[in-house]
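**Q** Below you'll find the structure I mean.
The values are calculated or read from the model by the stated rules, or taken from the named source; none is laboratory data. Since we're looking at a predicted model, the values are computed, not measured. A quick note on method: Cβ atoms are made from the backbone with ideal geometry, for glycine too, and the neighbour counts reach across all protein chains shown. The accessibility values were calculated without ligands, DNA or RNA, using every heavy atom of the protein model including side chains. Shrake-Rupley method; radii C 1.70, N 1.55, O 1.52, S 1.80 Å.
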Amino acid sequence: MRVILKQDVKKVGKKGEVVEVSDGYGRNFLVARGLAVMETKISREILSEQKEEAKKEYELSKAKAEETAKELDQLVLTFHVKSGESGRMFGSVSTKQIMTELRRLGYHFDKHVILDTHPIQSLGTTKVRLEIFKGVIGTISVKVLGTN
């Protein structure tokens, strides 16, 4: 019996795959629990439509992320930190501070998008890379100024 999986099933397959299973397992377990549907001409058409729609949505999201990455390339975040006479910084600028500033400017990302996870511990301008979408990387400039 061939079925189309509606969600991931361990040791059987992933969502959207057409798999061959025994008749009893397919009818009594997978279909009965709503994990799969029988493979028919109509169900194959619906599956292909869903895959096509998911592909369009992925492309749209990627294009939006690329546009956001271009905006981020122009962005400069400025932080003021205490420093000594010789220009030595007291403390650092963390990824949390960078994300807070980005949110204040209207960019709402998860903190895990920052690829350069080490805190900034020197005065001047530092480039910080963010992976906004799979394969789409934006770079922001973080300017750290010292105050006495």
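**Q** Considering only the range 1-29, how many residues are open to solvent by 100 Å² or more (accessible area, probe 1.4 Å) and farther than 21 Å from Ile42 by Cβ? Can you show your working first?
**A** To start, the set of residues in the range 1-29 that are open to solvent by 100 Å² or more (accessible area, probe 1.4 Å) comprises 2, 6, 10-11, 14-15, 20, 27-28.
When the remaining residues are screened for being farther than 21 Å from Ile42 by Cβ, the result is 10-11, 14, 28.
Total meeting the criteria: 4.
**Q** A further question on this structure: Every residue in the range 134-148 that is open to solvent by less than 40 Å² (accessible area, probe 1.4 Å) and out of contact with any strand residue (DSSP E or B) (no Cβ under 6 Å at 6 or more places or on another chain), please.
**A** Correct list: Val136 only.
**Q** Which count do you get for residues in the range 134-148 that are outside any loop (DSSP other than H, G, I, E, B) and either acidic (Asp, Glu) or out of contact with any Asp or Glu (no Cβ under 8 Å at 6 or more places or on another chain) (or both)? Step through it out loud before you land on a result.
**A** So in the range 134-148, the residues outside any loop (DSSP other than H, G, I, E, B) come out as 136-147.
Subsequent filtering for residues that are either acidic (Asp, Glu) or out of contact with any Asp or Glu (no Cβ under 8 Å at 6 or more places or on another chain) (or both) retains 141-147.
Count: 7.
**Q** Further, regarding this structure: Identify the residue in the range 114-133 that is under 16 Å from Thr68 (Cα atoms) and touching a Phe, Trp or Tyr at 6+ places or on another chain (Cβ under 9 Å) and, among all such residues, is least open to solvent (accessible area, probe 1.4 Å). It would help to see each step written out before you state the result.
**A** Filtering the range 114-133 for residues under 16 Å from Thr68 (Cα atoms) gives 114, 128-133.
With touching a Phe, Trp or Tyr at 6+ places or on another chain (Cβ under 9 Å) added as a condition, the list becomes 130, 132.
Values: Leu130: 0, Ile132: 36 Å².
By that ranking, first place goes to Leu130.
**Q** Now, a different point. Can you tell which of Glu66, Glu57 is open to solvent by 70 Å² or more (accessible area, probe 1.4 Å), closer than 30 Å to Ile114 by Cβ and in contact (Cβ under 8 Å) with a residue 24 or more places away in the chain? Write out each step before concluding.
**A** Working: Glu57 fails: in contact (Cβ under 8 Å) with a residue 24 or more places away in the chain.
After applying the criteria, what remains is Glu66.
**Q** Still on this model: Search the range 8-24 for residues that are in the same structural domain as Leu35 (by the TED database) and within 20 Å of Glu49 (Cβ to Cβ) and pair each with any residue that is assigned to a loop (DSSP other than H, G, I, E, B) and polar (S, T, N, Q) when their beta-carbon atoms are under 8 Å apart and the residues are at least 6 apart or on different chains.
**A** Hits for this filter: Lys15/Gln7.
**Q** Shifting gears a bit: Is it true that Phe90 is among the aromatic types (Phe, Trp, Tyr) and surrounded by 12 or more Cβ atoms within 10 Å (Cβ to Cβ)? Reasoning before the result, please.
**A** Numbers: among the aromatic types (Phe, Trp, Tyr): yes; surrounded by 12 or more Cβ atoms within 10 Å (Cβ to Cβ): no.
Taking the combined requirement at face value, the residue does not satisfy it.
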